[in-house]
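I have placed the structure first, in the form of C-alpha cells, so that the comments after it can refer back to it.
The values are calculated or read from the model by the stated rules, or taken from the named source; none is laboratory data. It should be emphasised that the depicted structure is a prediction, and the values quoted were computed from it without experimental measurement. Neighbour counts run over all protein chains shown; Cβ positions are idealised from the backbone, glycine included. Each accessible area value is taken on the protein alone, full model and side chains, heavy atoms only, with ligands, DNA and RNA left out. Shrake-Rupley method; radii C 1.70, N 1.55, O 1.52, S 1.80 Å.
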Amino acid sequence: MAAPTDPQSTRCPERMTALAAAAAGGPRAPAALALRVVAECGRSKARACELRLPHGTVATPVFMPVGTQGTMKGVTAAQLDGLGCRICLGNTYHLGTRPLIQKAGGCIGLLNVNREYHSQDSGGFQMVSLLALSEVTEEGVRFHSPYDGAEILLSPEKSVEIQNALGSDIMMQLDDVVSSTLTGSRVEEAMHRSIRWLDRCISANRRPDQQNLFAIIQGGLDPVLRSKCLEEMTKRDVPGFAIGGLSGGESKEQFWKMVTLSTDHLPREKPRYLMGVGYATDLVVCVALGCDMFDCVFPTRTARFGSALVPTGNLQLKKKQFAKDFRPIDEACMCPTCQRHTRAFLHVLLHSNNTAALHHVTVHNIAYQLRLMDAIRTSIVEHRFPDFVRDFMKTMYGDVGRCPGWAVEALQSVGIPLS
C-alpha cells in the first residue's frame with residue numbers, strides 16, 4: 001500500500017519522529033509498573049520476573065484466564081483467588097457496554113476482591129471475531145452490536161477512556177487487528193495504523209500513574225513489517241509490550257518464528273505479553289523464547305466440552321472408559337475438583353447435562369494452567385529449565401519422535417535440544 005501524503009499521518013517520517021519524542025519526553029509521572037528480573041535461564045531466553053502492579057505483585061511467567069465480561073463462566077472470583085489466580089483478562093468491547101461495572105468503581109469494585117489484578121484487552125480483537133459487524137477507518141472501529149444492532153464507535157481515545165473507568169492495572173492500546181493468515185497491503189496498513197493509534201492511546205491515558213498502557217506489536221507473518229513495528233513502538237516509553245496478530249490459524253512454524261523475532265527486539269526491562277496463547281506445549285516453548293505473560297480462553301472453553309487437562313494432554317470425560325474410573329482427574333493435582341470428585345462422577349454429570357460438571361472441570365483446568373506456570377517459574381529460578389522442558393515433552397508425547405516438529409525446532413533455536 002502506498003504511503004499516505006497527509007502530513008498529519010504518522011506514516012509521515014517527520015511527524016512520526018515528533019510523536020515518538022513527545023511520547024517519550026516531557027514530565028514523567030510516577031511509574032505504575034515495575035519489573036524485576038529474578039532469574040534467567042543460562043541457555044534459552046526464559047526468565048522469571050516479579051511484575052509489581054498498583055494492586056500487588058504478579059510472579060511471571062504467568063497465565064491469565066480470560067473473563068471476557070469481567071469474570072470466568074461458572075467460577076467465582078473467590079474460587080479464582082483460592083486457586084492462586086492473581087491476574088485475569090477482561091475485554092473492553094464487551095465491558096464497555098456494561099455501565100454498571102464502571103459505576104461500581106471498575107472490575108475490582110464490582111467483584112469486591114482485593115487480590116485480583118485485571119488486565120484489559122482493548123477490544124481490537126473484535127475486528128476479527130466480529131468482522132461481519134465492524135468497519136475499520138482511521139477514526140476507529142465502528143461496530144454494530146451483536147446484542148441489539150446499535151452502532152458503536154471504538155476509537156483509540158474511547159478504548160482508553162473505558163479502560164480508565166474500569167480501573168484495570170494493565171490496559172492495552174487499541175490496535176488494528178487482521179487475521180494472522182492474511183497477507184499483502186492490508187497487513188502493512190494495519191501495522192502502521194496500530195503505531196498511529198498507540199500515540200493516540202498514550203495521549204488519551206488520564207491515569208498513567210495508576211494504570212499501565214501496553215503497546216501491541218503487529219506486522220502479521222512478515223518479518224520486515226514486524227521488525228518495523230518493533231522498531232517504532234519500542235521508541236515509545238510504554239510500561240510493557242504485547243505480541244499480537246498471532247495464534248489465529250497460521251502454521252506453528254510461522255508462529256514461533258514471529259514470537260522469537262519479537263522477543264529478540266523487545267527491551268529486557270519491560271514485560272512481554274504473548275496474546276492468545278494457552279496450549280500447554282505452546283506455553284512451555286514460548287517461555288523458552290522469552291515471553292512472560294499469556295492469555296487464552298482454551299482451558300475454560302475446553303472444560304465446557306468435558307475436556308480435562310492433564311500432563312499427558314487431556315481426558316475426554318464423556319468417553320465410556322471413564323464410567324467406572326474412580327480416580328481423580330489428576331492424582332497429583334490439589335485443586336478442589338481433584339480432591340473431591342472422581343472421573344466416574346464427572347462422567348455421570350456430563351451425560352446428564354448437569355452444569356455442575358462444567359464448573360468442576362473448569363476449576364481443574366484453571367488450576368492445571370496455574371500449576372504448570374508455577375512449575376515453569378520454579379525450574380527457571382532453580383536453574384533447571386532445560387531439564388524441565390525435556391521432562392515435560394517426554395511426559396506429554398512419550399518420546400522425542402512424537403514431539404511436534406515446530407516445537408523441537410523452536411527449542412533447538414534457543415539451545416534446548418530434546419534428544
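Flag: residue 416 does not match the condition of being part of a helix (DSSP H, G or I), farther than 30 Å from residue 73 by Cβ, touching a Lys or Arg at 6+ places or on another chain (Cβ under 7 Å) and among the β-branched types (Val, Ile, Thr).
For the range 405-419, how many residues meet the condition of being on the phi > 0 side of the Ramachandran plot and surrounded by fewer than 13 Cβ atoms within 10 Å (Cβ to Cβ)? Before you say what the answer is, go through the steps one by one.
Let us first name the residues in the range 405-419 that are on the phi > 0 side of the Ramachandran plot, namely 415.
From what's left, surrounded by fewer than 13 Cβ atoms within 10 Å (Cβ to Cβ): none.
Here the count works out to 0.
As a summary of the residue check, residue 353 satisfies the conditions (1) open to solvent by 50 Å² or more (accessible area, probe 1.4 Å); (2) within 20 Å of residue 316 (Cα to Cα); (3) part of a helix (DSSP H, G or I) except for the one numbered (3). Of all residues in the range 255-312, those satisfying the criterion of being in contact with an Asp or Glu (Cβ under 9 Å, 6 or more places away or on another chain) and closer than 30 Å to residue 345 by Cβ are 278, 296, 308, 309, 310, 311.
Restricting the range 227-238 to residues that are in contact with a strand residue (DSSP E or B) (Cβ under 8 Å, 6 or more places away or on another chain) and part of a helix (DSSP H, G or I), which is surrounded by the fewest Cβ atoms within 10 Å (Cβ to Cβ)? Checked the range 227-238; the qualifying residue surrounded by the fewest Cβ atoms within 10 Å (Cβ to Cβ) is 230. Among the residues of the range 383-404, none qualifies, meaning not one is within 18 Å of residue 80 (Cβ to Cβ), open to solvent by less than 70 Å² (accessible area, probe 1.4 Å) and over 26 Å from the mean Cα position of the chain (by Cα). Of everything listed in (1) open to solvent by less than 40 Å² (accessible area, probe 1.4 Å); (2) closer than 13 Å to residue 288 by Cβ; (3) of a type in the set (A, V, I, L, M), the single unmet condition for residue 366 is (2).
Counting only residues that are under 18 Å from the mean Cα position of the chain (by Cα) and of a type in the set (A, V, I, L, M, F, W, C), which one in the range 199-229 is nearest to residue 158 (Cα to Cα)?
Here is the first cut: in the range 199-229, the residues under 18 Å from the mean Cα position of the chain (by Cα) are 211-220.
Pick out the ones that are also of a type in the set (A, V, I, L, M, F, W, C) and you get 213-217.
Values: 213: 14, 214: 16, 215: 16, 216: 17, 217: 20 Å.
Restricting to residues being under 18 Å from the mean Cα position of the chain (by Cα) and of a type in the set (A, V, I, L, M, F, W, C), the top hit is 213.
Hey, does the range 204-226 have a residue that's surrounded by 22 or more Cβ atoms within 10 Å (Cβ to Cβ), closer than 23 Å to residue 260 by Cα, in contact with a strand residue (DSSP E or B) (Cβ under 6 Å, 6 or more places away or on another chain) and small (Gly, Ala, Ser)? Yes, the range 204-226 has at least one match. Being part of a loop (DSSP other than H, G, I, E, B), of a type in the set (D, E, K, R) and modelled with pLDDT of 80 or more is a property that residue 161 lacks. Only one of the numbered conditions (1) outside any helix (DSSP H, G or I); (2) surrounded by fewer than 24 Cβ atoms within 10 Å (Cβ to Cβ) is violated by residue 177, and that is (2).
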